[in-house]
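Since the structure comes first, as structure tokens, the remarks are kept for the end.
The values are calculated or read from the model by the stated rules, or taken from the named source; none is laboratory data. Predicted model only: the values in this text are computed from it and were never measured. All Cβ positions, glycine included, derive from the backbone under ideal geometry; neighbour counts span all protein chains shown. Each accessible area value is taken on the protein alone, full model and side chains, heavy atoms only, with ligands, DNA and RNA left out. Shrake-Rupley method; radii C 1.70, N 1.55, O 1.52, S 1.80 Å.
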Amino acid sequence: SLVVADEHLPALLLAAEPALAAVLARSRLAPLNEVGPGTRERLATTLRAWLDRPGQVQAVAAALNVHPQTVRYRLKQLRELFGARLEDPEARFELALALRAADGVRY
């Protein structure tokens, strides 16, 4: 089927330089390596949902199908790992991009 490139520009941007996208993912998401694989996956999923819905604990909880308190607990863990980067707009943009790169450019 025909894909309209304009609808997939972010994915195409990441796919154009896969080695660079991988470096971005590894470097920006490195704090997640401090936790085990299961926790890492849950925190990465929560981080992406939170970056897509900043400050909306209820919306993140609904998207992840978990209790809002679970989201708050995971956000506390993420803040311990990422620190002030979660409050910096540029760093949040880089994290969102890195998460997409880590997903193999799957939207």
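Within the range 54-67, work out how many residues are open to solvent by 70 Å² or more (accessible area, probe 1.4 Å), modelled with pLDDT of 95 or more and not small (Gly, Ala, Ser).
Looking only at that region, the number is 4.
Checking the condition outside any loop (DSSP other than H, G, I, E, B), under 12 Å from the mean Cα position of the chain (by Cα), hydrophobic (A, V, I, L, M, F, W, C) and within 22 Å of LEU9 (Cβ to Cβ), which residue from ALA21, ALA44, ALA25 passes?
It is ALA25.
Can you work out which of the residues in the range 68-107 that are of a type in the set (Ser, Thr, Tyr) and in a helix (DSSP H, G or I) is most open to solvent (accessible area, probe 1.4 Å)?
Taking the candidates together, the pick is TYR73.
Residue check: is LEU9 at pLDDT below 95 and surrounded by fewer than 12 Cβ atoms within 10 Å (Cβ to Cβ)?
When the stated conditions are applied, LEU9 passes them.
Do the conditions hold for ARG40, that is, is it touching a Leu at 6+ places or on another chain (Cβ under 8 Å), modelled with pLDDT of 85 or more and either surrounded by 18 or more Cβ atoms within 10 Å (Cβ to Cβ) or β-branched (Val, Ile, Thr) (or both)?
When the stated conditions are applied, ARG40 does not pass them.
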